[in-house]
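Each remark here refers to the structure printed beneath this line.
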Amino acid sequence: MATVKALEGRTVHQIQSGQVIVDLCSVVKELVENSLDAEATAIEIRFRNNGLDSIEVQDNGVGIASENYETIALKHYTSKLSHYDDLSSLQTFGFRGEALSSLCALSKFHITTARVDEAPKGTRLDFETSGKLKGTQVIASQKGTTVAVEDLFRNLPVRRRELEKNIKREYGKVLGVLQAYACISTQARISVSNVMAKGKKAVVFATKSSQSTRENIANVFGAKTLLGLVALDLSFEMQPTKTYSQLSEPENKQVRVLGHISRPVFGEGRHAPDRQMFFVNSRPCGLPQVTKVFNEVYKSYNISQSPFIFANIVLDTNAYDVNVSPDKRTIFLHEQNALLEGLRVSLVELFEKQGQTVPQSQK
Ligand code: ADP
Ligand code: MG
């Protein structure tokens, strides 16, 4: 049998980075979240060749202080979280300090940044694959930060090939994620463009500043989308179940669900399922069980259409855990069953109150 020995540091870094940056979506998600955490009010996402050649995220946020240049891309260096206890009261998207370090390991990567007192002078930062700062260069830059990721997965041939093969689907998924950020972010304008091989640039969508989520939806999906929507504003309390009650109990069991949903009687066209966006305290996330409840209740009123859903679940930060997977995609709701039950009841109430059609099952 072969001797058991420790993996080389570089190999470990590559393996772990591949768990944080699993696909094109994770790159974009991490970078946009960093820009939002940096209090940006304008974020521009630029793809080249659907992201295969490069992804650039430019923001007008606070920028990076020069004393942090050395550490910014080192693993587990973060300006956002210092103690494990802070996790439950976390207000930022990031907290692991892994995204930039992972991107150094998996792509050609550089940053341009300028703080407000430095602009119009800025600094370009280049890094080694380990995340160590390789060099800096003074260049012109507006206030804010631009992160450029080229040739993603260039050193993981199998992943690179997969990405190339599935790029259309991957890019579509990325747009879905960006639509969610663009719709929920009322504090920031978000614009997305893509330059294809022949140099043709297409603006994919753009939101404007100081808008409501309703106006964001109109800017992202077209004004027509608003026609069939009604406001979602549900309030209920989670009744704890036996299974989950031994876990750390949130003090506040009140839940509010805010957003927009198709009116069940609205008859025009079919809403594509990718126009269903879910958030927990404004953090975009996939919530399969919540999605299921929404669709089931909706179906009992309107069997022929699938609804447009934009739902932000507002609840106590102790009531869920975002630290489940390295890519922070999975959210663990401590009282999921109680939440689902409350949601189902209030959704039925909402549709009933609107005096809509009788439920399909009673017809
Ligand atoms: P995390 O977001 O978990 O802290 P990252 O690796 O994503 O980890 O980022 C590391 C650090 O780099 C952040 O804590 C932040 O201080 C800084 N940073 C990253 N992106 C930006 C940005 N767009 N503007 C300002 N600072 C940034
Ligand atoms: Mg981050």
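The values are calculated or read from the model by the stated rules, or taken from the named source; none is laboratory data. Bear in mind the structure is a predicted one, so any value in this text is a computation, not a measurement. Cβ coordinates were reconstructed from backbone atoms using ideal geometry, including for glycine residues, and neighbour counts include every protein chain displayed.
Observations, loosely collected:
- Filter pass, A119 being within 15 Å of ligand 1 (Cβ to nearest atom) and under 22 Å from K29 (Cβ atoms): no
- The set of residues in segment 28-57 that are over 15 Å from the mean Cα position of the chain (by Cα) and among the polar types (S, T, N, Q) comprises T41, N49, N50, S54.
- Residue in segment 107-128 that is within 16 Å of ligand 2 (Cβ to nearest atom) and either modelled with pLDDT under 95 or not assigned by TED's automatic domain parsing to the domain that holds I15 (or both) present: no
- Scanning segment 194-207 for residues that are surrounded by fewer than 17 Cβ atoms within 10 Å (Cβ to Cβ), in a strand (DSSP E or B) and touching a residue at least 40 places away in the same chain (Cβ under 8 Å) returns a single hit, V195.
- Of all residues in segment 78-106, those satisfying the criterion of being assigned to a helix (DSSP H, G or I) and at pLDDT below 75 are Y84, D85, D86, L87, S88, S89.
- Here is the figure for segment 27-50: residues that are surrounded by 23 or more Cβ atoms within 10 Å (Cβ to Cβ), more than 9 Å from ligand 1 (Cβ to nearest atom) and more than 20 Å from A114 (Cβ to Cβ) total 4.
- Residue within segment 163-184 that is within 19 Å of the chain's Cα centre (by Cα) and assigned to a loop (DSSP other than H, G, I, E, B) present: no
- Filtered residues of segment 178-193 (kept if in contact (Cβ under 8 Å) with a residue 40 or more places away in the chain and buried (at least 19 other Cβ atoms within 10 Å of the Cβ)): L178, Q179, A180, Y181, C183, I184, S185, A188, R189, I190, S191, V192
- Pairs, first closer than 14 Å to A99 by Cβ in segment 6-20, second β-branched (V, I, T), C-beta under 9 Å, six or more apart: H13/T129
- Check on K75, within 13 Å of ligand 2 (Cβ to nearest atom) and either at pLDDT below 95 or charged (D, E, K, R) (or both): yes
- Only one entry of Q305, Q356 meets the criterion of being surrounded by 17 or more Cβ atoms within 10 Å (Cβ to Cβ), in a loop (DSSP other than H, G, I, E, B) and modelled with pLDDT under 90, and that entry is Q305.
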